[in-house]
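*Asks:* This is the structure, below, for whatever I ask next.
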Amino acid sequence: MTITAVWPIESPEDANSGDGVTLTDPEEVDGLLARLAEPNAGVATVWHEARELADEDEGMPDHDVCVAVRDGYGYLSYIDTAHDLAVPEGDPAAPGLHGGDIEFPEGSGTSLDTLAEALREFLRTARRPESVSWRTVED
């Protein structure tokens, strides 16, 4: 199985700077999280290559997964055709995080180990991870 992650890099020299990686081995997840923990890394968009496309003409995936690492917390959001937008039930002390088009509410940040396990599960199964408890994000 394969997942791809892309994210912006905040850079005064290049407003369109970004990075990305394709993972095929669950052991590669830790490397992704280390890169997302770098000071200028933005929120990553992650998609699973084995899932159906919602729009084949546009190449639009049937799911939207966002991942971030900030101040020792891991952030994850998930939405697909069967699930509303949700974030994990995280550490109540985790601050909210605003990045790109996603807002992670307070208390949705998890340990990096929890985030890594959820991403490994997503890589293996191509489904919403069951290793975390989810809460729906209200509009």
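*Asks:* Could you grab me the full set of residues in segment 90-112 that are surrounded by 17 or more Cβ atoms within 10 Å (Cβ to Cβ), assigned to a loop (DSSP other than H, G, I, E, B) and within 13 Å of the chain's Cα centre (by Cα)?
*Replies:* Within segment 90-112, 108, 109 meet the criteria.
*Asks:* Shifting gears a bit: Could you name every one of the strands (runs of 3 or more DSSP E) located completely within segment 1-61 that has at least 2 residues being at negative phi and without any contact (Cβ under 8 Å) to a residue 12 or more places away in the chain?
*Replies:* 53-55
*Asks:* Which of the residues belonging to segment 9-25 are surrounded by 15 or more Cβ atoms within 10 Å (Cβ to Cβ) and modelled with pLDDT of 95 or more?
*Replies:* Answer for segment 9-25, where residues must be surrounded by 15 or more Cβ atoms within 10 Å (Cβ to Cβ) and modelled with pLDDT of 95 or more: 21, 23.
Conditions tested, residue by residue: (1) out of contact with any helix residue (DSSP H, G or I) (no Cβ under 9 Å at 6 or more places or on another chain); (2) among the β-branched types (Val, Ile, Thr); (3) loosely packed, with under 12 Cβ neighbours inside 10 Å.
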{"position": "32", "(1), (2), (3)": "no, no, no"}
{"position": "43", "(1), (2), (3)": "no, yes, no"}
{"position": "58", "(1), (2), (3)": "yes, no, yes"}
{"position": "61", "(1), (2), (3)": "yes, no, no"}
{"position": "83", "(1), (2), (3)": "yes, no, no"}
{"position": "88", "(1), (2), (3)": "no, no, no"}
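The values are calculated or read from the model by the stated rules, or taken from the named source; none is laboratory data. Please read these numbers as outputs of a predicted model, since none were measured by experiment. Here the Cβ is made from the backbone with ideal geometry for all residues, glycine too, and neighbour counts use every protein chain on show.
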